[in-house]
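Visitor: Here it is: the structure, laid out below.
The values are calculated or read from the model by the stated rules, or taken from the named source; none is laboratory data. Keep in mind the model is a prediction, meaning the values are calculated, not measured. Please note: Cβ atoms are built from the backbone with ideal geometry, for glycine as well, and neighbour counts cover all protein chains shown.
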């Protein structure tokens with residue numbers, strides 16, 4: 001695996017009801033030998049009093065799903081508890097995204113939330129790409 005440049009993904013999600021919002025961040029482009037390793041996952045509310053839970057995953061998170069480190073499709077989590085100063089970020093360093101990546105918000109207050117995701121681009125050989133895809137879809 002060869003590392004390449006840094007790529008950032010940023011934008012906003014709006015939670016309108018039910019405490020849930022979802023967004024597909026990367027659409028599969030067929031280039032399985034190109035991947036991303038998330039190095040930083042940050043979220044913050046437009047209204048700093050809002051609480052939230054954000055999840056990065058390889059597939060959409062069903063409604064009612066919680067943050068679950070035992071779920072192999074989830075690889076990054078962030079939590080904010082209504083204070084701009086108190087924020088937690090958790091990343092699985094052993095993951096490569098080379099198909100789709102989704103951001104989901106669960107158990108979050110109604111409001112608008114910003115996200116900033118810092119990724120390192122990697123070039124994979126054929127074996128590494130196949131292993132990465134198997135890891136994305138395997139059961140934990």
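Visitor: Among the candidates 69, 84, 49, single out the residue that is at pLDDT below 85 and not in a strand (DSSP E or B). Can you show your working first?
Guide: Working: 69 fails: at pLDDT below 85; 49 fails: at pLDDT below 85.
Testing whether each residue is at pLDDT below 85 and not in a strand (DSSP E or B) leaves just 84.
Visitor: Going through the stretch 102-116 one residue at a time, which ones are assigned to a loop (DSSP other than H, G, I, E, B), surrounded by fewer than 20 Cβ atoms within 10 Å (Cβ to Cβ) and at negative phi? Walk me through it before giving the result.
Guide: Kept after step one, since they are assigned to a loop (DSSP other than H, G, I, E, B), are these residues of the stretch 102-116: 107-110.
Okay, now just the ones that are also surrounded by fewer than 20 Cβ atoms within 10 Å (Cβ to Cβ), so 107, 109-110.
Hits for the stretch 102-116 are 109, 110.
Visitor: Condition check: at pLDDT 85 or above, in a strand (DSSP E or B) and closer than 13 Å to residue 112 by Cα. Does residue 11 satisfy that?
Guide: On the way: at pLDDT 85 or above: yes; in a strand (DSSP E or B): yes; closer than 13 Å to residue 112 by Cα: yes.
Answer is yes for this residue.
Visitor: Another question about this same structure. Check residue 54 against each of (1) at pLDDT 90 or above; (2) over 10 Å from the mean Cα position of the chain (by Cα); (3) under 13 Å from residue 114 (Cα atoms) and name the one condition it does not meet.
Guide: Only one criterion in (1) at pLDDT 90 or above; (2) over 10 Å from the mean Cα position of the chain (by Cα); (3) under 13 Å from residue 114 (Cα atoms) is unmet by residue 54, namely (2).
Visitor: Regarding residue 24, is this residue within 24 Å of residue 126 (Cα to Cα) and touching a residue at least 24 places away in the same chain (Cβ under 8 Å)?
Guide: Criteria not met by residue 24.
Visitor: Which of the residues belonging to the stretch 51-101 are closer than 14 Å to residue 133 by Cα and surrounded by fewer than 15 Cβ atoms within 10 Å (Cβ to Cβ)?
Guide: If the condition is that a residue be closer than 14 Å to residue 133 by Cα and surrounded by fewer than 15 Cβ atoms within 10 Å (Cβ to Cβ), then 94 is the only one that fits.
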